[in-house]
Amino acid sequence: MRGLAILGIVLGILIVGGAFTLASTGDTSNLIPFIQQSSNPSASTGEVEPWQAEQFFFLVGFLLFNLIGVGMTIAGALWFLSHGIITSRAEAQVTEAS
């Protein structure tokens with residue numbers, strides 16, 4: 001409980017310090033600054049060029065195809081092993097009964 005109180009005090013000091021810093025500048029229009037380093041659409045995270053969209057579509061398709069394939073392979077292997085266990089248990093019961 002004491003550690004939580006210390007954490008609360010430290011966070012309070014940080015929040016008050018940030019408020020003082022913001023009040024000293026007087027300009028709240030750039031509260032969260034956004035830096036634009038390039039005007040080239042290829043470097044932008046907000047604009048997509050056609051080749052980038054195509055590559056993303058291929059990537060998503062490739063990943064889905066492989067994930068579904070892996071899932072079906074694991075499901076098939078587990079079904080096959082489960083079927084073998086059920087068969088061997090049934091054969092063991094038949095041999096015990098006779």
Close pairs (7 angstrom Cβ cut-off, 6 or more residues apart or separate chains): free of Cβ contacts under 8 Å to residues at least 40 places away in the same chain in region 62-82, part of a helix (DSSP H, G or I) anywhere: none
Qualifying residue in region 36-54 (condition: exposed (fewer than 10 other Cβ atoms within 10 Å of the Cβ) and among the aromatic types (Phe, Trp, Tyr)): yes
Residue count, region 1-41 (criterion: in a helix (DSSP H, G or I), modelled with pLDDT under 90 and among the aliphatic types (A, V, I, L, M)): 3
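The values are calculated or read from the model by the stated rules, or taken from the named source; none is laboratory data. All values reported here derive from a predicted model rather than from experimental measurement. Neighbour counts run over all protein chains shown; Cβ positions are idealised from the backbone, glycine included.
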